[in-house]
Amino acid sequence: MVMKLTKIERGNPSNPGQKIGGLYPMAFYGLDGDWDTQRNGLRWPEPRYNGLFAASYAREHVSRYQFGEGRCAHYVYEAITNGGGLKTLRRMAKAKDYGFQLSVAGFIRLLSPHHPETMWRVGMIAVIQAYPGGNSAGHICIWDSASWISDFVQTGGRDGYYPGPGYRQYRPAVEFFVWYGHF
């Protein structure tokens, strides 16, 4: 199984690395460095993820408390696995530690969510590191086309992925992840 899409090329099925004007089936270059040309030359990383369903699930299952329960990692994990259908994501104790697991599961880390080519997409995930004096677990949330959602529906405008004033003041590092199929 190819765990992460790292390079896409069109090539000759007998020599997948050779580019020939895009006339032959796609072959994917996996983490192990081997070309995978099984299934008639086309191999998609398994399994699938539905960002729309994940975001809808997150909105429907927010905490009954206005500003959540401090369990963003649990709520977003549930949205990704139960709503989005991605059953291979490993559960992490701290929200800030989900970045690597999302990459392994098939998400692509974006360099900037504000770049025109990487506009926010429904179901994309923001993983935020901890800040001095704040929750040491960091934060994680999912975009639903109107708001960032964790264990509550967040507000805050352009920086709405930051869940509160402490995060907006310190602005800790944020990583954004989108499912590979959204490109």
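A few comments on the model shown:
- Unmet requirement for Ala146, which otherwise passes all of (1) more than 12 Å from Val76 (Cβ to Cβ); (2) under 16 Å from the mean Cα position of the chain (by Cα): (2)
- Residue that is nearest to Ser147 (Cα to Cα), among those in region 51-94 that are in a loop (DSSP other than H, G, I, E, B), under 15 Å from the mean Cα position of the chain (by Cα) and of a type in the set (A, V, I, L, M): Leu86
- Only one entry in Ser112, Ser103, Ser56 is of a type in the set (Ser, Thr, Tyr), under 20 Å from Tyr180 (Cα atoms) and modelled with pLDDT under 90, namely Ser112.
- Residue within region 131-153 that is in contact with a His (Cβ under 6 Å, 6 or more places away or on another chain) and in contact (Cβ under 8 Å) with a residue 12 or more places away in the chain present: no
- Verdict on Ile142 being farther than 21 Å from His61 by Cα and not in a loop (DSSP other than H, G, I, E, B): no
- Residue check, Ser145 at pLDDT 90 or above and among the polar types (S, T, N, Q): no
- Leu86 fulfils the conditions (1) farther than 21 Å from Phe53 by Cβ; (2) of a type in the set (A, V, I, L, M, F, W, C); (3) touching a Gly at 6+ places or on another chain (Cβ under 8 Å) except for a single criterion, (1).
The values are calculated or read from the model by the stated rules, or taken from the named source; none is laboratory data. What you see is a predicted model, and the numbers here were worked out from it, not measured in a lab. Note: ideal-geometry Cβ built from the backbone for every residue, glycine included; neighbour counts use all protein chains shown.
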